[in-house]
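Trainee: I'd like to ask you about the structure that follows.
Bear in mind these aren't lab numbers, they're just calculated from the coordinates by the rules spelled out. These figures come from a predicted structure and were not determined experimentally. Because the Cβ atoms are built from the backbone with ideal geometry, glycine has one as well, and the counts that use them run over all protein chains shown.
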Amino acid sequence: MKLTKILLAVLLLALLVLPAILPAAMVNAAIQMLIAALFACAFNLLCGQGGMLSFGHAAYFGVGSFATLHAMNALNGEGLLPTPLLPLIGALGGFICGLCAGWFATKRAGVYFSMITLALAELLHSLAPHLSMLFGGEAGISSMRSPAWGLDFGDATQVYYLTLGWVVLSIALLYAFTLTPMGRLTFALRENGHRLQFLGYNVHRLRVLVFALSAMFAGIAGGLQALNLESANYVLFDMRFSAEVVLNTYIGGVNVFLGPVLGAALMTFFGNAASDLTQSWLLYQGLLFVLVMMFMPSGLAGLVLCWSAQIRRRGWLAVIPAALSALITAGLLSLAVVFAIETLQRVFSQDYQALLIADQPWPAISLFGREWLPGALLTWAMPLLLGLAGLLVLKLARRQWLRLLDDEPAAGPVALRSRVEGEQS
Amino acid sequence: MSRAILQLRDVHKSFGEAHIIRGAQLELHTGERHAVIGPNGAGKSTLFHLISGQLQPSSGQILLGEEAIQGYSPQHINHLGLSRSFQITNIFPGLSVFENLRIAVMRKHGMQYHFWRSIQRYSEVRAQTEQLLEQVRLQDKQTVCAAELSYSEQRALEIGMTLACDPRVILLDEPMAGMSHEETDYALNLIREVTQGRSLLIVEHDMDVVFSLCDRISVLVYGEVIATGTPDQIRADRRVQEAYLGEEQCA
Ligand SMILES: Nc1ncnc2c1ncn2[C@@H]1O[C@H](COP(=O)(O)OP(=O)(O)OP(=O)(O)O)[C@@H](O)[C@H]1O
Ligand SMILES: [Mg+2]
């Protein structure tokens with residue numbers, strides 16, 4: 001796939017020049033995007049490729065973070081492990097914990113597996129504040145990046161390049177893994193572990209190793225986070241982070257290798273952007289997840305593949321009208337939802353309720369740079385109108401899309417999948 | 001040489017109250033093709049599960065060569081040279097046909113933990129997979145997702161996966177079920193060919209297949225082997241006629 005390679009090269013180039021064009025404050029957000037992308041990609045080795053849905057992957061991320069911080073403090077970035085190589089310790093920590101936890105968790109499959117991973121992570125979360133030797137109690141532990149290799153790692157830009165290097169290398173390794181015999185077996189593990197046994201494979205051992213490898217790369221991501229923040233505390237083990245990586249991965253799409261990377265990068269970006277603008281980010285995140293699961297279970301990456309297949313078949317020009325109306329639909333509908341949620345959120349917020357005076361009309365709220373009176377009809381008609389307009393355009397978009405699909409041999413999700421993972425010989 | 005390569009000695013299996021296998025005795029001679037027939041629900045598949053390690057017998061002994069294998073894990077039994085197919089198609093539905101077979105072929109090359117080299121570089125695995133594809137006549141479908149194959153093609157794939165690890169003993173559980181006449185004929189010849197020099201235990205409802213393929217036949221009824229013999233002996237056996245063949249004529 002030549003186009004994919006070109007796109008990846010462009011992306012890499014863009015990532016390389018990013019710190020030069022971004023304001024310094026945004027560089028840190030970019031670092032977080034990179035880390036989240038690697039974490040999701042590592043998680044997907046277990047979840048999407050190995051078919052084992054872990055609900056406690058933050059544990060291995062956290063262990064990677066703490067391990068790296070301890071190494072920073074112990075070695076001062078000298079000797080065999082200068083600062084840039086410290087994520088190796090995170091990898092080691094993740095791998096060892098992954099081996100231990102994986103050995104138990106993979107004794108069971110399906111829901112039981114998920115529950116064991118959840119329980120183990122919760123165990124760590126509740127134990128961590130009491131193990132102050134390891135996790136520094138409630139306050140956590142902190143450290144300093146030491147200079148190495150002629151770099152002082154004093155500013156975000158240097159940390160950015162260090163992170164970028166590790167993330168690109170790790171994702172490349174994870175991709176290469178899918179092409180090796182063990183990587184192919186990982187797919188078979190997802191498809192039918194029972195049959196593998198009768199072909200002579202030790203399924204439990206295979207599962208443990210895949211688990212540990214996934215935990216190892218999660219540990220690298222954790223190590224990078226430790227290098228970036230120079231501190232960590234037990235909150236890292238919170239269920240919230242385990243859930244977040246699951247959401248990011250599924251929103252991106254588990255059946256395409258780079259899907260989780262896309263999902264995590266986008267969600268982290270929006271999360272960062274939205275945290276200044278709204279207090280309801282978690283709600284939007286959940287909503288997005290539900291919508292993706294309901295209407296495009298193959299995730300954003302599945303959407304991208306779908307459209308690129310159409311472009312390849314029909315050319316750019318033919319696809320533009322449908323794409324345009326799809327974009328307008330998405331825009332209008334999101335606007336409607338955001339409008340409704342934000343109005344409600346503002347009206348029901350405690351700050352606002354405190355302003356109310358009995359028998360007086362409710363004061364205006366500001367949204368999208370305008371003042372809206374809760375008593376005015378337009379304030380409530382607006383989201384309805386937007387939504388209606390969105391639905392109308394949706395109808396048009398649907399018709400255009402169906403026309404594009406016309407006279408095509410059914411390309412269902414299964415066909416999509418076989419193209420992704422099938423033998424490309 | 002006609003020493004037994006697989007022996008069942010007084011094997012019992014109960015699921016709770018249900019006593020399904022009741023003291024089964026069976027001997028598979030080295031190099032023979034041996035059919036197990038019997039009415040529906042007689043316990044033929046259960047017998048295969050017991051031999052292949054999916055289930056453990058409640059009591060009794062199963063010998064593969066000299067070794068008692070009851071209680072071994074399926075992969076251990078496979079390593080000892082016994083490979084089986086399933087009555088209910090048991091493949092990797094989301095992977096391509098080629099990938100299905102390659103995974104089956106890979107095992108005997110001992111590369112299950114290789115993570116440092118692209119699978120494309122193992123040319124021997126590739127060659128063997130292609131040969132197997134041709135044998136089961138799926139070379140045109142090699143890039144197709146296994147779930148999208150027709151039922152009989154999936155049966156062929158199932159046979160291919162079973163043969164891939166170069167086993168000494170092959171267990172096939174109704175391999176031809178759902179195949180057309182032409183496909184059955186082809187599969188029959190294929191099985192005859194690939195079991196040359198190996199030992200085969202096969203469950204099959206198609207009596208033409210059984211009588212033309214097999215050297216000996218055992219009849220399983222209610223978890224007991226009531227008769228074993230050459231096709232002619234079995235045809236002549238009164239108890240068999242009552243228990244099984246007679247029933248077929250009625251049907
Ligand atoms: N796990 C189980 N638990 C309880 N009963 C079982 C179990 N497995 C099989 N049985 C019962 O054992 C009996 C034999 O089943 P089995 O599948 O071995 O028959 P079979 O000879 O292969 O029949 P068929 O010709 O239909 O394939 C059946 O009555 C079945 O209901
Ligand atoms: Mg059966």
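Trainee: For the range A:22-286, calculate the relative contact order in percent as a whole number, restricting contacts to Cα pairs under 8 Å that are 6 or more residues apart.
Mentor: Value for the range A:22-286: 40 percent.
Trainee: Here is a further query. From a point 7 Å beyond the Cα of A:His204 in the direction of its Cβ, which residues of the range A:91-130 have a backbone N at a distance under 11 Å?
Mentor: A:103-108
Trainee: Right, something else. If I model a spin label as a point 7 Å beyond the Cα along the Cα-Cβ vector, how far apart are those points for B:Gln196 and A:Ala354 in nm?
Mentor: Going from the B:Gln196 label point to the A:Ala354 one covers 9.1 nm.
Trainee: Another question, then. Cβ under 15 Å from A:Phe289's Cβ, A:Phe289 left aside: what net charge do those residues give with Lys, Arg +1 and Asp, Glu -1?
Mentor: That sum, taken over residues with Cβ under 15 Å, equals 0.
Trainee: Tell me, what HN-Hα J-couplings in whole Hz come from the Karplus equation 6.51 cos²θ - 1.76 cosθ + 1.60 at θ = phi - 60° for each residue of the range B:184-194, using x for Gly and Pro?
Mentor: Values per residue, Gly and Pro as x: 4, 4, 5, 4, 4, 5, 4, 4, 4, 5, 6 Hz.
Trainee: May I ask you to derive the relative contact order of chain B, considering only C-alpha pairs under 8 Å and at least 6 residues apart, and to give it as an integer percent?
Mentor: Once normalised by length, the contact order is 27 percent.
Trainee: Here's something else I'd like to know. Classify chain B as rounded, prolate or oblate, taking a ≥ b ≥ c as the square roots of the eigenvalues of its Cα gyration tensor: rounded when a/c is under 1.5, otherwise prolate if a/b is larger than b/c and oblate if not.
Mentor: prolate
Trainee: A further question follows. If you stretched the chain out fully between A:Thr278 and A:His130, how much longer would it get, using 0.36 nm times the residue separation minus the C-alpha to C-alpha distance?
Mentor: Gain on stretching A:Thr278 to A:His130: 49.8 nm.
Trainee: If you stretched the chain out fully between B:Asp185 and B:Glu242, how much longer would it get, using 0.36 nm times the residue separation minus the C-alpha to C-alpha distance?
Mentor: Here the segment from B:Asp185 to B:Glu242 would lengthen by 17.6 nm.
Trainee: Enumerate by residue number the chymotrypsin sites (Phe, Trp or Tyr not before Pro) in the range A:329-393 meeting two conditions: DSSP loop (anything except H, G, I, E, B), and at most 11 other Cβ atoms within 10 Å of the site's Cβ.
Mentor: Answer in residue order: A:Phe368.
Trainee: Separate question: Run the simple label-point estimate for B:His76 and A:His194 please: 7 Å along Cα→C-beta, distance reported in nm.
Mentor: Using points 7 Å along Cα→Cβ, the separation is 2.2 nm.
Trainee: Between A:Gln360, A:Gln49, A:Gln225, find the one with the highest GNM mean-square fluctuation for chain A; connect C-alpha pairs within less than 10 Å.
Mentor: Sorting by GNM fluctuation, first place goes to A:Gln360.
Trainee: HN-Hα J couplings of the range A:218-235 from phi, Karplus 6.51/-1.76/1.60, θ = phi - 60°, integer Hz, Gly and Pro as x?
Mentor: The phi angles translate into 4, x, 4, 4, x, x, 5, 4, 4, 4, 6, 8, 6, 6, 7, 9, 5, 4 Hz.
Trainee: What do you get for chymotrypsin sites (Phe, Trp or Tyr not before Pro) in the range A:111-218 restricted to DSSP loop and a cutoff of at most 13 other Cβ within 10 Å of the site's Cβ?
Mentor: Here the sparse-neighbourhood loop sites are A:Trp149.
Trainee: Please list, ordered by chain and number, the residues whose modelled amide H lies under 5 Å from the amide H of B:Glu224; skip anything fewer than 5 residues away on the same chain.
Mentor: So B:Glu224 has HN proximity to B:Arg22.
Trainee: Just how large is the dipole of the range A:22-286 about the Cα centre, in debye to the nearest 20, putting +1 at every Lys and Arg Cβ and -1 at every Asp and Glu Cβ?
Mentor: Here the range A:22-286 has a charge dipole of around 1040 debye.
Trainee: At a Förster distance of 60 Å, what's the computed FRET efficiency of B:Glu224 paired with A:Ala172, Cβ-Cβ distance as r, to 0.05?
Mentor: 0.50
Trainee: How charged is the neighbourhood of A:Val159? Take every other residue with its Cβ under 10 Å from the Cβ of A:Val159, and add Lys/Arg as +1 and Asp/Glu as -1.
Mentor: Charge balance in the 10 Å sphere: -1.
Trainee: Something else now. For the protein assembly as shown, give the share of DSSP beta bridges that are antiparallel, in percent and rounded to the nearest 5; count only bridges with both residues there.
Mentor: Counting DSSP beta bridges with both partners in the protein assembly as shown, the antiparallel share is about 65 percent.
Trainee: Going by a ≥ b ≥ c, the root eigenvalues of the Cα gyration tensor, does the protein assembly as shown fall in the rounded group (a/c under 1.5), the prolate group (a/b larger than b/c) or the oblate group?
Mentor: It comes out prolate by the Cα gyration axes.
Trainee: Label 7 Å along Cα→Cβ of B:Ser118; the range A:146-175 residues with amide nitrogen under 15 Å?
Mentor: A:172-175
Trainee: In a Gaussian network model over chain B where Cα atoms closer than 10 Å are linked, find which of B:Ser52, B:Ser218, B:Ser150 has the largest mean-square fluctuation.
Mentor: Per the Cα network of chain B with a 10 Å cutoff, B:Ser150 tops the list.
Trainee: Apply the Karplus curve 6.51 cos²θ - 1.76 cosθ + 1.60, θ = phi - 60°, to the phi angles in the range B:204-219 and return the couplings in whole Hz, x for Gly and Pro.
Mentor: Result, rounded to whole Hz: 8, 8, 6, 5, 4, 4, 4, 5, 8, 8, 9, 7, 9, 9, 10, 10.
Trainee: If amide H atoms are built 1.01 Å from N in the plane of the peptide, which residues on other chains or at least 5 residues away come under 5 Å of the amide H of B:Val36?
Mentor: Residues meeting the criterion, in which the H sits 1.01 Å from N, are B:Ile202, B:Val203, B:Glu204, B:Ser218.
Trainee: How many lysine pairs in the protein assembly as shown, separated by 8 or more positions in sequence or lying on different chains, have Cα atoms less than 26 Å apart?
Mentor: 5
Trainee: If the chain between A:Leu392 and A:Glu138 were fully stretched, how many nm would it gain, using 0.36 nm times the residue separation less the Cα-Cα distance?
Mentor: Gain in length upon complete extension: 86.1 nm.
Trainee: Also, quick follow-up: List the longest stretch of chain B that has no exposed loop site; here a site is one of the GluC sites (Glu not before Pro) assigned by DSSP to anything other than H, G, I, E or B, with at most 16 other Cβ within 10 Å.
Mentor: With GluC sites (Glu not before Pro) excluded where exposed in loops, chain B gives B:67-251 as its longest stretch.
Trainee: Is the shape of the range B:124-251 best called rounded, prolate or oblate, per the rule: a/c under 1.5 gives rounded, else a/b larger than b/c gives prolate, else oblate, with a ≥ b ≥ c the square roots of the Cα gyration tensor eigenvalues?
Mentor: Since a/c reaches 1.5 and a/b is larger than b/c, the shape of the range B:124-251 is classed as prolate.
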